[in-house]
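The values are calculated or read from the model by the stated rules, or taken from the named source; none is laboratory data. Quantities reported herein were computed from a predicted structural model and do not represent experimental measurements. Glycine gets a Cβ as well: all are built from the backbone with ideal geometry, and neighbour counts include every protein chain shown.
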Amino acid sequence: MIAAAASSAVVGLAAVVGLAGHFGVPRDNDDDDDEGQEALIDALRASKVSLQQGLTTSEQEGQPSAGKFEFNKGRLRLSVYTAKDGKFSEVLVDPATGKVARVEPIIRADDLAAAQSQSMAMASAKTALKDAVDKALDEAAGARAIGVIPNMKEGHPVASVLLLKGERFTIVHQPLD
């Protein structure tokens, strides 16, 4: 098992900002960073659907391998990557209803590479992403999960969970084995 420090390590603000591009969360390309971040936070407050609900809903399309709320063209959306029979899809879950809005095959090279990497990490996992998110939230009272991405660290699958508490973003790492 990964050391306790790694299982709940919270990275500093600079690292969160650096990983923001990886999660694609705290900014809207149409706004400057602060306005995009504020708009995202406001939209998340209005959304009744949780990241965990989106992960569960997407299971009808395959095994969830990553998920995130993102702000795209002025609208909040919940995107979950899934893997099924060697194929990868992006499941868009309506953040207002929690129902599948659209399913798209992942074909862009960079998205496909990310999906394959995430799927490989999940192949080694014994814990579902939803459960890793639940545990991260148990350890961060009052926070809301807005993204989860699995990866391999020192030969072990780990979920990086992006949390929002108030107006502060943090990343918590949860073991998946």
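What to note about this one:
- Look at (1) more than 19 Å from residue 44 (Cα to Cα); (2) surrounded by 15 or more Cβ atoms within 10 Å (Cβ to Cβ) and you find that residue 104 fails only one, number (2).
- Members of region 107-119 that are among the polar types (S, T, N, Q), in contact with a Phe, Trp or Tyr (Cβ under 8 Å, 6 or more places away or on another chain) and surrounded by fewer than 18 Cβ atoms within 10 Å (Cβ to Cβ): 116
- Hits in region 162-177 - residues which are part of a loop (DSSP other than H, G, I, E, B) and charged (D, E, K, R): 167, 177
- The number of residues in region 86-114 being β-branched (Val, Ile, Thr) and free of Cβ contacts under 8 Å to residues at least 40 places away in the same chain comes to 3.
- A search for C-beta distances below 8 Å between a residue of region 155-177 that is closer than 15 Å to residue 118 by Cβ and any residue that is among the aromatic types (Phe, Trp, Tyr), counting only pairs 6+ apart in sequence or on different chains, returns 162/23; 162/169.
- Selection count where residues are within 16 Å of the chain's Cα centre (by Cα) and charged (D, E, K, R), scope region 70-124: 5
- Sole exception among (1) surrounded by 12 or more Cβ atoms within 10 Å (Cβ to Cβ); (2) at pLDDT below 95; (3) among the small types (Gly, Ala, Ser); (4) within 19 Å of residue 118 (Cβ to Cβ) for residue 21, by number: (1)
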